[in-house]
Each structure stands twice: as structure tokens, then as C-alpha cells.
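Here's the structure we're looking at; comments come further down.
The values are calculated or read from the model by the stated rules, or taken from the named source; none is laboratory data. Treat the numbers as computed from the prediction; the structure is a model and nothing was measured. As a convention, Cβ positions derive from the backbone with ideal geometry for all residues, glycine included, and neighbour counts pool all protein chains shown. Please note that ligands, DNA and RNA were not included when accessible areas were found on the heavy atoms of the full protein model with its side chains. Shrake-Rupley method; radii C 1.70, N 1.55, O 1.52, S 1.80 Å.
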Amino acid sequence: SFQAAMPPSGVLDVDTSPRPPIAPAPVARADAPRDVTGTVPPRPAPQPAPVVAAAVAAAPPIPAAAPAAPAAPAAAAVPPAEPLPAAIGGKALIAAATAGEPAAAFEIATRFADGRGVPQNFPQAAVWYERAAKGGLAPALFRLGAQYEKGNGVTKDLNEARRLYVAAAQKGNSNAMHNLGVLYAEGIDGKPDFKEAAQWFRKSATFGISDSQYNLAVLYARGIGVERDLTEAYRWFALAAKGGDQEAGKKRDEIGTKLDPQVLAATRRAADTWVADRAPEDALAVAPPANGWDQAEPAAKIKPRPRAQSRPAATTL
């Protein structure tokens with residue numbers, strides 16, 4: 001957690017304890033409906049009045065001048081691959097992953113991470129997420145970044161987590177944007193950077209990430225990393241509340257008492273009609289093959305025998 005300057009007299013007093021970053025959601029089983037819309041997994045039940053959350057990732061459009069991060073993670077920090085156990089999946093999945101298919105590598109990684117079919121194994125999940133990330137898959141970049149952030153299966157490295165999150169964010173992964181905001185709010189190098197955090201919070205918030213909307217509202221309410229603006233604070237609290245955040249609804253109403261009635265009415269109307277940006281489908285989900293990864297192996301086709309050629313009738317001289 002971090003400490004922020006006390007707000008001016010009469011300003012909404014909010015707790016600045018950061019919310020946790022978004023954790024990767026498990027990949028749907030092949031026989032279950034698969035969400036390819038990039039819906040963010042539900043966050044844990046909100047903690048008592050946590051406002052400026054570190055689990056927030058919103059930012060105005062990614063600055064054009066921001067240096068591009070390489071898409072491939074650092075191989076040296078990832079453990080070596082082990083032979084894939086048969087229990088991890090069908091022959092088609094194992095063959096595709098072994099052949100270097102990024103989507104298959106992502107599926108293998110997620111099964112290791114979730115302990116699906118095999119014992120949970122974060123080091124091997126990192127191996128296969130790295131392979132999928134080298135193929136440019138944004139969800140793999142995000143998930144490997146989460147492992148580096150937490151030190152799950154790899155040595156904890158916040159700078160590597162940041163690099164991977166940036167690479168995923170540049171492909172439209174709003175969860176990675178959110179977690180970047182968290183990293184900057186908590187301080188990657190020990191010192192919080194609220195200005196950078198606010199940028200990522202805003203970017204993620206525009207994609208409808210309610211935690212990012214909530215945290216961006218807090219920054220505006222207290223003037224941390226941005227110029228204090230209660231109208232903007234009301235707007236983002238209202239949008240977070242619209243997404244189901246009850247704590248945001250309380251903060252929205254509290255700030256509403258401090259706004260001019262006409263400004264309040266206009267801001268409320270704008271929030272009611274606001275529509276989130278839509279991320280590319282492949283930014284948050286990896287589509288499986290048409291029949292799933294664990295479809296039954298096709299039966300060997302029996303080649304039909306060629307028909308016997310009919311002999312031409314003998315001609316009489």
C-alpha cells in the first residue's frame with residue numbers, strides 16, 4: 001500500500017489502499033461454451049472502502065511516444081520444458097503444441113496453470129506461456145506477466161512483468177493495462193508514479209474495467225497524479241457503479257452532493273449513455289479449433305477399392 005497527501009479541507013476522504021491486480025481467468029474447457037469476447041473475470045469481493053486501488057489499470061490513449069516493448073519474453077528466466085504428459089490432452093493438442101502452434105502452447109500452459117488434467121505446475125505453465133507469447137498472443141503475454149509479477153513458477157521480476165504487460169496492452173489487452181496501473185501506483189522501483197498510473201487507469205477504464213474506473217475516480221477526487229476534478233471523479237465512480245461496484249455507488253453519491261445541480265445532471269446523463277470501447281477479440285481470449293482441442297481422433301478412412309475395369313467386348317472380324 002502507499003500513502004498519499006491528505007486532501008484539502010472538504011474533499012472526499014478516501015482510503016488509498018490499492019486493490020489487487022486482475023488475475024488471469026481460467027480458459028474454458030473444450031466442451032464448455034467459450035468466451036471469446038474478452039470479458040474480464042470478476043474481481044474478488046470489494047474490500048472496505050478501498051479507493052485508489054493498485055489493482056487498477058486505466059490510461060488515456062497509450063502515449064504515441066511510449067517505447068514499444070518486444071513481444072517475446074525473456075527465455076533465460078523461464079525453466080526448461082519437460083516432456084508433455086499424456087494426461088495433459090489429446091494427441092492433436094500435444095502434437096500441435098510440440099510443433100510450435102502458439103494457440104496450442106497457450107492451452108497447454110493454461111492446463112498446467114489451472115491443474116487441469118495434470119497437477120498444477122507453474123514453472124511448466126511459464127514455459128508454455130513463453131512459447132505462446134513468442135507467437136504474439138496477447139493473453140499469453142498477460143498471463144506470463146502475471147506470473148512474473150507474483151513470482152509464480154519464475155523469479156519475481158516487476159520490470160519483466162511491466163514489459164510483458166506493456167506488450168499485451170499494445171495489442172489491446174485491457175487487463176494488462178489495469179495491472180500496469182497497479183504496478184505504477186504501488187511503485188515498480190519502490191516509488192509510486194501516480195501520473196503514469198492514471199494514464200493506464202484511464203486507458204483500461206475506457207474498455208469498461210470497473211476497478212480501473214473506480215481507481216481513476218479516486219485519483220480525480222484527491223488530485224493524485226491528475227488535476228483534482230470532482231466532475232471527472234463523479235463520472236468514473238458512476239461508470240464503476242454502473243458496472244456493479246457498490247462501493248463506487250456510495251462514493252458517487254457522496255461526490256454528487258458537492259457538484260452544481262446542472263453539472264451533476266449533465267454528468268449523470270453522460271454516464272448513463274456511455275459505451276465502453278470494445279477490445280479486439282484476440283486481445284483477451286485465444287480461440288480453440290472448431291471442435292475444441294480434445295475432440296476424438298478421426299477414425300482412419302478405408303480407401304475404397306478401385307472398380308474392376310470392364311474388358312472391351314471382342315470385335316469380330
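Structure notes:
- Checked against the criterion of being over 27 Å from residue 277 (Cβ atoms), open to solvent by 30 Å² or more (accessible area, probe 1.4 Å) and hydrophobic (A, V, I, L, M, F, W, C), the stretch 129-148 has no qualifying residue.
- Criterion violated by residue 179 - all others in (1) of a type outside the set (Val, Ile, Thr); (2) open to solvent by less than 40 Å² (accessible area, probe 1.4 Å); (3) out of contact with any Phe, Trp or Tyr (no Cβ under 6 Å at 6 or more places or on another chain) satisfied: (3)
- Lone qualifier among 123, 67, 48 - being at pLDDT below 90, under 22 Å from residue 159 (Cα atoms) and not β-branched (Val, Ile, Thr): 67
- Sole exception among (1) farther than 20 Å from residue 283 by Cα; (2) in contact (Cβ under 8 Å) with a residue 24 or more places away in the chain; (3) in contact with a helix residue (DSSP H, G or I) (Cβ under 6 Å, 6 or more places away or on another chain) for residue 187, by number: (3)
- Residue 113 being without any contact (Cβ under 8 Å) to a residue 60 or more places away in the chain, touching a Lys or Arg at 6+ places or on another chain (Cβ under 8 Å) and part of a helix (DSSP H, G or I): no
- Residue match in the stretch 192-206 (condition: farther than 20 Å from residue 148 by Cα, in contact with a Leu (Cβ under 8 Å, 6 or more places away or on another chain), open to solvent by 60 Å² or more (accessible area, probe 1.4 Å) and of a type outside the set (Val, Ile, Thr)): no
- Annotation: of all residues in the stretch 225-244 being open to solvent by less than 20 Å² (accessible area, probe 1.4 Å) and either aromatic (Phe, Trp, Tyr) or modelled with pLDDT under 95 (or both), the one that is farthest from the chain's Cα centre (by Cα) is 234.
- Taking residues in the stretch 258-280 that are surrounded by 15 or more Cβ atoms within 10 Å (Cβ to Cβ), and partners anywhere that are at pLDDT below 95 and not in a helix (DSSP H, G or I), the pairs with Cβ atoms closer than 8 Å and at least 6 places apart or on different chains are 258/10; 258/12; 279/38.
- Tallying residues that are under 16 Å from residue 288 (Cα atoms), charged (D, E, K, R) and assigned to a loop (DSSP other than H, G, I, E, B) within the stretch 80-110 yields 1.
- Residue within the stretch 166-178 that is out of contact with any strand residue (DSSP E or B) (no Cβ under 8 Å at 6 or more places or on another chain) and under 19 Å from residue 127 (Cα atoms) present: yes
- Summed over the stretch 245-257, residues that are in a helix (DSSP H, G or I), over 17 Å from residue 209 (Cα atoms) and either open to solvent by 90 Å² or more (accessible area, probe 1.4 Å) or free of Cβ contacts under 8 Å to residues at least 12 places away in the same chain (or both) total 2.
- Every residue from the stretch 109-133 that is under 18 Å from the mean Cα position of the chain (by Cα) and among the aliphatic types (A, V, I, L, M): 109, 113, 125, 126, 132, 133
- Flag if residue 184 is of a type in the set (Phe, Trp, Tyr), open to solvent by less than 10 Å² (accessible area, probe 1.4 Å) and over 22 Å from residue 278 (Cβ atoms): no
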